[in-house]
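Novice: I have a structure here, written as C-alpha coordinates, and I will follow up with some questions on it.
The values are calculated or read from the model by the stated rules, or taken from the named source; none is laboratory data. Small disclaimer: the values here were computed from a predicted structure and weren't measured. Counting neighbours? That spans all protein chains shown, and the Cβs are built from the backbone with ideal geometry, glycine included. Heads up: the accessible areas ignore ligands, DNA and RNA and are worked out on the full protein's heavy atoms, side chains in. Shrake-Rupley method; radii C 1.70, N 1.55, O 1.52, S 1.80 Å.
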Amino acid sequence: DENMILQFQITLYGDDERLVMARDITRLHRLEQMRRDFVANVSHELRTPLTVLTGYLETYSDMAGMLPERLGKGVAQMQSQTRRMQNLVNDLLLLSRLENDQGGSDHVRLDPTTLLQAVKRDAEALSGGRQQIEVVVEESRSLTGSEKEMHSAVSNLAFNAVRYAGDGAHITLRWRAYGEGACLEVEDDGEGIDPRHLPRLTERFYRVDKGRSTATGGTGLGLAIVKHVLLRHEARLDIDSRLGEGATFRCIFPSSRLAAADPVALGRAG
Ligand code: ADP
(Lines give C-alpha, C1' and ligand atoms only; values in the text may rest on other atoms or scores of the structure.)
Protein backbone atom coordinates (compact mmCIF):
# COMPACT_ATOMS: atom_id res chain seq x y z
CA ASP A 1 0.00 0.00 0.00
CA GLU A 2 1.72 3.17 -1.16
CA ASN A 3 -0.24 5.28 1.36
CA MET A 4 1.05 3.34 4.33
CA ILE A 5 3.26 5.23 6.74
CA LEU A 6 5.86 3.25 8.65
CA GLN A 7 8.02 4.32 11.51
CA PHE A 8 11.34 2.48 11.86
CA GLN A 9 13.41 2.11 14.98
CA ILE A 10 16.89 0.63 14.62
CA THR A 11 18.81 -0.47 17.73
CA LEU A 12 22.47 -1.48 17.55
CA TYR A 13 23.68 -4.43 19.61
CA GLY A 14 27.47 -4.71 19.67
CA ASP A 15 29.26 -4.57 16.31
CA ASP A 16 27.13 -6.62 14.01
CA GLU A 17 23.68 -7.06 15.44
CA ARG A 18 20.75 -4.82 14.69
CA LEU A 19 17.19 -4.89 15.89
CA VAL A 20 14.84 -3.28 13.38
CA MET A 21 11.29 -2.50 14.46
CA ALA A 22 8.67 -1.20 12.06
CA ARG A 23 5.47 0.35 13.33
CA ASP A 24 2.48 1.07 11.14
CA ILE A 25 1.47 4.64 12.03
CA THR A 26 -0.88 5.13 9.07
CA ARG A 27 -3.95 5.24 11.28
CA LEU A 28 -2.37 7.61 13.76
CA HIS A 29 -1.33 9.89 10.93
CA ARG A 30 -4.83 9.85 9.42
CA LEU A 31 -6.45 10.61 12.75
CA GLU A 32 -4.06 13.51 13.26
CA GLN A 33 -4.92 14.85 9.80
CA MET A 34 -8.64 14.48 10.58
CA ARG A 35 -8.20 16.41 13.80
CA ARG A 36 -6.43 19.21 11.94
CA ASP A 37 -9.03 19.36 9.19
CA PHE A 38 -11.84 19.35 11.72
CA VAL A 39 -10.39 22.28 13.67
CA ALA A 40 -9.71 24.19 10.46
CA ASN A 41 -13.24 23.60 9.12
CA VAL A 42 -15.02 24.47 12.37
CA SER A 43 -13.00 27.66 12.74
CA HIS A 44 -13.69 28.62 9.18
CA GLU A 45 -17.43 27.97 9.50
CA LEU A 46 -17.61 30.09 12.67
CA ARG A 47 -16.28 33.13 10.90
CA THR A 48 -19.40 34.09 8.98
CA PRO A 49 -21.87 33.92 11.91
CA LEU A 50 -19.42 35.89 14.02
CA THR A 51 -19.16 38.58 11.37
CA VAL A 52 -22.96 38.88 11.23
CA LEU A 53 -23.23 39.09 15.03
CA THR A 54 -20.49 41.71 15.18
CA GLY A 55 -22.27 43.81 12.58
CA TYR A 56 -25.61 43.85 14.41
CA LEU A 57 -23.98 44.44 17.78
CA GLU A 58 -22.13 47.42 16.38
CA THR A 59 -25.41 48.93 15.22
CA TYR A 60 -27.01 48.36 18.64
CA SER A 61 -23.99 49.77 20.39
CA ASP A 62 -24.26 52.94 18.27
CA MET A 63 -27.86 53.20 19.51
CA ALA A 64 -26.82 52.65 23.14
CA GLY A 65 -28.20 56.03 24.19
CA MET A 66 -31.70 55.03 23.03
CA LEU A 67 -31.68 51.61 24.73
CA PRO A 68 -32.81 50.89 28.29
CA GLU A 69 -29.75 50.70 30.56
CA ARG A 70 -29.87 46.95 31.14
CA LEU A 71 -30.06 46.25 27.44
CA GLY A 72 -27.14 48.58 26.78
CA LYS A 73 -25.02 46.69 29.28
CA GLY A 74 -25.98 43.41 27.66
CA VAL A 75 -24.94 44.69 24.25
CA ALA A 76 -21.54 45.73 25.61
CA GLN A 77 -21.08 42.27 27.16
CA MET A 78 -22.06 40.54 23.93
CA GLN A 79 -19.62 42.72 22.01
CA SER A 80 -16.71 41.86 24.24
CA GLN A 81 -17.54 38.13 24.17
CA THR A 82 -17.88 38.04 20.37
CA ARG A 83 -14.54 39.83 20.14
CA ARG A 84 -13.03 37.11 22.30
CA MET A 85 -14.55 34.43 20.12
CA GLN A 86 -13.22 36.16 17.04
CA ASN A 87 -9.71 36.26 18.46
CA LEU A 88 -9.99 32.58 19.28
CA VAL A 89 -11.20 31.66 15.80
CA ASN A 90 -8.47 33.74 14.18
CA ASP A 91 -5.79 32.09 16.31
CA LEU A 92 -7.17 28.61 15.59
CA LEU A 93 -7.15 29.34 11.86
CA LEU A 94 -3.64 30.72 12.01
CA LEU A 95 -2.47 27.67 13.92
CA SER A 96 -3.98 25.21 11.48
CA ARG A 97 -2.51 27.13 8.57
CA LEU A 98 0.89 26.93 10.27
CA GLU A 99 0.47 23.18 10.80
CA ASN A 100 -0.87 22.38 7.36
CA ASP A 101 1.41 24.00 4.86
CA GLN A 102 5.11 23.73 4.40
CA GLY A 103 5.86 27.43 4.68
CA GLY A 104 9.01 29.08 3.40
CA SER A 105 7.46 30.55 0.26
CA ASP A 106 7.28 34.06 1.72
CA HIS A 107 10.70 34.10 3.33
CA VAL A 108 12.66 37.29 2.82
CA ARG A 109 15.53 39.06 4.47
CA LEU A 110 14.16 40.73 7.60
CA ASP A 111 15.60 43.61 9.51
CA PRO A 112 15.14 42.63 13.18
CA THR A 113 15.36 46.27 14.29
CA THR A 114 12.36 47.25 12.16
CA LEU A 115 10.46 44.19 13.38
CA LEU A 116 11.14 44.92 17.05
CA GLN A 117 10.24 48.60 16.67
CA ALA A 118 6.91 47.73 15.08
CA VAL A 119 6.11 45.24 17.85
CA LYS A 120 7.13 47.80 20.45
CA ARG A 121 4.60 50.31 19.09
CA ASP A 122 1.77 47.75 19.25
CA ALA A 123 2.80 46.57 22.73
CA GLU A 124 2.88 50.17 23.96
CA ALA A 125 -0.64 50.70 22.70
CA LEU A 126 -1.79 47.62 24.62
CA SER A 127 0.15 48.59 27.73
CA GLY A 128 -1.20 52.14 27.82
CA GLY A 129 1.84 53.35 29.77
CA ARG A 130 1.67 50.74 32.52
CA GLN A 131 5.03 49.29 31.48
CA GLN A 132 8.30 50.55 30.07
CA ILE A 133 9.13 48.93 26.76
CA GLU A 134 12.54 49.18 25.14
CA VAL A 135 14.27 47.81 22.02
CA VAL A 136 17.92 46.75 22.23
CA VAL A 137 19.89 45.64 19.14
CA GLU A 138 23.27 44.03 19.76
CA GLU A 139 23.58 41.93 16.61
CA SER A 140 24.17 43.36 13.14
CA ARG A 141 23.23 40.34 11.03
CA SER A 142 19.73 40.16 9.58
CA LEU A 143 17.32 37.25 9.55
CA THR A 144 15.71 35.17 6.81
CA GLY A 145 12.06 34.43 7.42
CA SER A 146 8.42 35.26 6.93
CA GLU A 147 7.69 38.85 7.89
CA LYS A 148 4.09 38.12 8.85
CA GLU A 149 4.83 35.01 10.87
CA MET A 150 7.77 36.45 12.76
CA HIS A 151 5.78 39.57 13.52
CA SER A 152 2.97 37.45 14.93
CA ALA A 153 5.39 35.35 17.02
CA VAL A 154 7.22 38.28 18.57
CA SER A 155 3.94 40.20 19.09
CA ASN A 156 2.52 37.26 21.02
CA LEU A 157 5.55 37.23 23.31
CA ALA A 158 5.51 41.00 23.82
CA PHE A 159 1.74 41.10 24.44
CA ASN A 160 2.11 38.30 26.99
CA ALA A 161 4.79 40.32 28.77
CA VAL A 162 2.41 43.31 28.85
CA ARG A 163 -0.48 41.14 30.09
CA TYR A 164 1.30 39.04 32.68
CA ALA A 165 4.36 40.93 33.93
CA GLY A 166 2.23 43.38 35.90
CA ASP A 167 2.16 47.16 36.22
CA GLY A 168 5.48 48.97 36.41
CA ALA A 169 7.43 46.15 34.75
CA HIS A 170 10.27 46.75 32.31
CA ILE A 171 10.06 44.89 29.04
CA THR A 172 13.03 44.52 26.72
CA LEU A 173 12.80 43.40 23.09
CA ARG A 174 16.28 42.36 22.06
CA TRP A 175 18.15 41.04 19.02
CA ARG A 176 21.48 39.56 19.99
CA ALA A 177 24.10 36.91 19.19
CA TYR A 178 23.43 33.49 20.70
CA GLY A 179 26.08 30.80 20.20
CA GLU A 180 26.82 30.64 16.46
CA GLY A 181 23.37 31.99 15.74
CA ALA A 182 21.26 34.76 17.18
CA CYS A 183 18.09 35.23 19.16
CA LEU A 184 15.07 37.49 19.35
CA GLU A 185 14.43 37.86 23.03
CA VAL A 186 11.49 39.22 25.01
CA GLU A 187 12.44 39.79 28.60
CA ASP A 188 10.41 41.17 31.50
CA ASP A 189 11.14 41.69 35.17
CA GLY A 190 7.58 40.99 36.25
CA GLU A 191 5.77 38.26 38.12
CA GLY A 192 7.45 35.33 36.40
CA ILE A 193 6.31 31.70 36.10
CA ASP A 194 6.83 28.77 38.42
CA PRO A 195 9.37 26.53 36.55
CA ARG A 196 7.15 23.48 36.94
CA HIS A 197 4.76 25.00 34.38
CA LEU A 198 7.46 25.64 31.78
CA PRO A 199 7.50 22.22 30.02
CA ARG A 200 3.77 22.48 29.21
CA LEU A 201 3.54 26.22 28.52
CA THR A 202 3.49 25.94 24.71
CA GLU A 203 0.61 23.43 24.70
CA ARG A 204 -2.69 24.71 23.30
CA PHE A 205 -4.89 26.20 26.00
CA TYR A 206 -2.37 25.56 28.76
CA ARG A 207 -2.49 28.42 31.23
CA VAL A 208 -0.88 29.00 34.58
CA ASP A 209 -3.85 30.90 35.90
CA LYS A 210 -6.97 30.27 33.88
CA GLY A 211 -9.12 32.99 35.39
CA ARG A 212 -6.53 35.66 34.95
CA SER A 213 -5.54 34.89 31.42
CA THR A 214 -9.18 34.86 30.30
CA ALA A 215 -9.64 38.27 31.88
CA THR A 216 -6.55 39.61 30.08
CA GLY A 217 -7.98 38.61 26.71
CA GLY A 218 -5.61 35.77 25.87
CA THR A 219 -6.79 32.82 23.79
CA GLY A 220 -4.45 30.23 25.29
CA LEU A 221 -2.97 29.68 21.83
CA GLY A 222 -0.28 32.37 21.81
CA LEU A 223 2.71 30.26 22.72
CA ALA A 224 1.54 27.35 20.55
CA ILE A 225 1.55 29.78 17.62
CA VAL A 226 5.03 31.00 18.54
CA LYS A 227 6.30 27.42 18.69
CA HIS A 228 4.91 26.56 15.26
CA VAL A 229 6.23 29.71 13.64
CA LEU A 230 9.68 28.94 15.00
CA LEU A 231 9.53 25.31 13.82
CA ARG A 232 9.03 26.67 10.30
CA HIS A 233 12.15 28.80 10.72
CA GLU A 234 14.44 26.04 12.02
CA ALA A 235 14.37 28.00 15.24
CA ARG A 236 13.40 26.98 18.75
CA LEU A 237 11.80 28.62 21.76
CA ASP A 238 13.63 28.70 25.06
CA ILE A 239 11.79 29.87 28.18
CA ASP A 240 13.57 30.93 31.29
CA SER A 241 11.65 32.08 34.34
CA ARG A 242 11.24 31.89 38.06
CA LEU A 243 8.34 33.00 40.19
CA GLY A 244 8.75 36.64 41.13
CA GLU A 245 11.83 37.05 38.93
CA GLY A 246 10.45 37.88 35.52
CA ALA A 247 10.50 35.80 32.37
CA THR A 248 12.69 35.56 29.28
CA PHE A 249 11.41 34.05 26.04
CA ARG A 250 14.09 33.41 23.42
CA CYS A 251 13.54 32.64 19.76
CA ILE A 252 16.85 31.04 18.85
CA PHE A 253 17.92 30.95 15.19
CA PRO A 254 20.77 28.89 13.74
CA SER A 255 23.48 30.74 11.79
CA SER A 256 22.07 29.30 8.53
CA ARG A 257 19.09 31.67 9.01
CA LEU A 258 21.25 34.77 9.31
CA ALA A 259 22.60 37.01 6.59
CA ALA A 260 25.54 39.35 6.82
CA ALA A 261 24.51 42.91 7.57
CA ASP A 262 23.48 44.94 4.59
CA PRO A 263 26.01 47.80 4.51
CA VAL A 264 23.38 50.23 3.20
CA ALA A 265 20.95 49.37 6.02
CA LEU A 266 23.72 49.64 8.60
CA GLY A 267 24.71 53.04 7.27
CA ARG A 268 21.13 54.22 7.49
CA ALA A 269 20.74 52.88 11.04
CA GLY A 270 23.92 54.69 12.13
P1 ADP B 1 -2.69 33.08 26.86
O2 ADP B 1 -1.80 34.25 27.11
O3 ADP B 1 -3.69 33.38 25.84
O4 ADP B 1 -3.28 32.48 28.09
P5 ADP B 1 -0.26 31.83 25.87
O6 ADP B 1 -0.03 30.52 25.19
O7 ADP B 1 0.20 33.03 25.15
O8 ADP B 1 -1.81 31.90 26.21
O9 ADP B 1 0.45 31.80 27.30
C10 ADP B 1 0.27 30.69 28.17
C11 ADP B 1 0.41 31.10 29.63
O12 ADP B 1 1.78 31.41 29.93
C13 ADP B 1 -0.36 32.35 30.02
O14 ADP B 1 -1.69 32.04 30.34
C15 ADP B 1 0.42 32.83 31.24
O16 ADP B 1 -0.03 32.15 32.40
C17 ADP B 1 1.85 32.37 30.97
N18 ADP B 1 2.75 33.47 30.50
C19 ADP B 1 3.08 33.77 29.23
N20 ADP B 1 3.95 34.80 29.15
C21 ADP B 1 4.19 35.19 30.43
C22 ADP B 1 5.01 36.23 31.04
N23 ADP B 1 5.76 37.07 30.29
N24 ADP B 1 4.99 36.32 32.40
C25 ADP B 1 4.25 35.45 33.15
N26 ADP B 1 3.46 34.49 32.64
C27 ADP B 1 3.42 34.33 31.29
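Novice: In the list Glu32, Glu45, which residue meets the criterion of being open to solvent by less than 100 Å² (accessible area, probe 1.4 Å) and not small (Gly, Ala, Ser)? Give the derivation first.
Specialist: On the way: Glu45 fails: open to solvent by less than 100 Å² (accessible area, probe 1.4 Å).
Residue meeting the stated conditions: Glu32.
Novice: I would also like to ask the following. The conditions are (1) part of a loop (DSSP other than H, G, I, E, B); (2) more than 10 Å from the ligand (Cβ to nearest atom); (3) open to solvent by 20 Å² or more (accessible area, probe 1.4 Å); (4) at pLDDT 95 or above, and His233 fails exactly one of them. Which is it?
Specialist: The single condition His233 does not satisfy is (3).
Novice: Moving on to the next point. Kindly check whether there is at least one residue in region 10-24 that is basic (Lys, Arg), exposed (fewer than 10 other Cβ atoms within 10 Å of the Cβ) and either more than 21 Å from the chain's Cα centre (by Cα) or closer than 29 Å to Gly217 by Cα (or both). Outline the logic, then answer.
Specialist: Filtering region 10-24 for residues basic (Lys, Arg) gives 18, 23.
Then drop every residue that is not exposed (fewer than 10 other Cβ atoms within 10 Å of the Cβ), which leaves 18.
Then drop every residue that is not either more than 21 Å from the chain's Cα centre (by Cα) or closer than 29 Å to Gly217 by Cα (or both), which leaves 18.
So far as region 10-24 goes, yes, one or more of its residues are basic (Lys, Arg), exposed (fewer than 10 other Cβ atoms within 10 Å of the Cβ) and either more than 21 Å from the chain's Cα centre (by Cα) or closer than 29 Å to Gly217 by Cα (or both).
Novice: Hey, among Thr51, Thr59, which residue is under 25 Å from the mean Cα position of the chain (by Cα) and hydroxyl-bearing (Ser, Thr, Tyr)? Break it down into steps so the answer makes sense when it comes.
Specialist: Numbers: Thr59 fails: under 25 Å from the mean Cα position of the chain (by Cα).
Unique residue meeting the criteria: Thr51.
Novice: Of the numbered conditions (1) within 18 Å of the chain's Cα centre (by Cα); (2) of a type in the set (A, V, I, L, M, F, W, C); (3) more than 30 Å from Ala177 (Cα to Cα), Leu98 fails exactly one; give the number of that condition.
Specialist: Leu98 satisfies all of (1) within 18 Å of the chain's Cα centre (by Cα); (2) of a type in the set (A, V, I, L, M, F, W, C); (3) more than 30 Å from Ala177 (Cα to Cα) except (3).
Novice: Please verify whether region 182-189 includes one or more residues that are among the small types (Gly, Ala, Ser), under 25 Å from Arg242 (Cα atoms) and without any contact (Cβ under 8 Å) to a residue 60 or more places away in the chain. Even if it seems obvious, please write down each step before you answer.
Specialist: Start the filter on region 182-189 by keeping residues that are among the small types (Gly, Ala, Ser), which leaves 182.
Subset that is under 25 Å from Arg242 (Cα atoms): 182.
Going one step further and asking which of them are without any contact (Cβ under 8 Å) to a residue 60 or more places away in the chain, we end up with none.
Taking every residue of region 182-189 in turn, none turns out to be among the small types (Gly, Ala, Ser), under 25 Å from Arg242 (Cα atoms) and without any contact (Cβ under 8 Å) to a residue 60 or more places away in the chain.
Novice: Can you work out which of the residues in region 143-194 that are open to solvent by 10 Å² or more (accessible area, probe 1.4 Å) and among the β-branched types (Val, Ile, Thr) is farthest from the ligand (Cβ to nearest atom)?
Specialist: Here the residue is Thr144.
Novice: Scan region 172-205 for residues that are part of a strand (DSSP E or B) and closer than 25 Å to Arg130 by Cβ and report the count.
Specialist: Step one: of region 172-205, the residues part of a strand (DSSP E or B) are 172-178, 181-188.
Those still in the list that are closer than 25 Å to Arg130 by Cβ too: 172-175, 184-188.
Number satisfying all stated conditions: 9.
Novice: Turning to a different aspect of this structure: If you go through region 114-171, how many residues are among the acidic types (Asp, Glu) and assigned to a loop (DSSP other than H, G, I, E, B)? Can you show your working first?
Specialist: Quick first cut of region 114-171, residues among the acidic types (Asp, Glu) only: 122, 124, 134, 138-139, 147, 149, 167.
Still in the list and also assigned to a loop (DSSP other than H, G, I, E, B): 138-139, 167.
Residues in region 114-171 being among the acidic types (Asp, Glu) and assigned to a loop (DSSP other than H, G, I, E, B): 3 in total.
Novice: Another question, if that's okay. List every residue pair whose Cβ atoms lie under 9 Å apart, where the two residues are 6 or more positions apart in sequence or sit on different chains, the first residue falls within region 83-94 and is open to solvent by 70 Å² or more (accessible area, probe 1.4 Å), and the second residue, located anywhere, is of a type in the set (D, E, K, R).
Specialist: The qualifying pairs are Asn90/Arg47.
Novice: Go over the candidates Leu126, Leu98, Leu67 one by one and state the one that is surrounded by 14 or more Cβ atoms within 10 Å (Cβ to Cβ), at negative phi and touching a residue at least 40 places away in the same chain (Cβ under 8 Å). Walk me through it before giving the result.
Specialist: Values: Leu126 fails: touching a residue at least 40 places away in the same chain (Cβ under 8 Å); Leu67 fails: touching a residue at least 40 places away in the same chain (Cβ under 8 Å).
After applying the criteria, what remains is Leu98.
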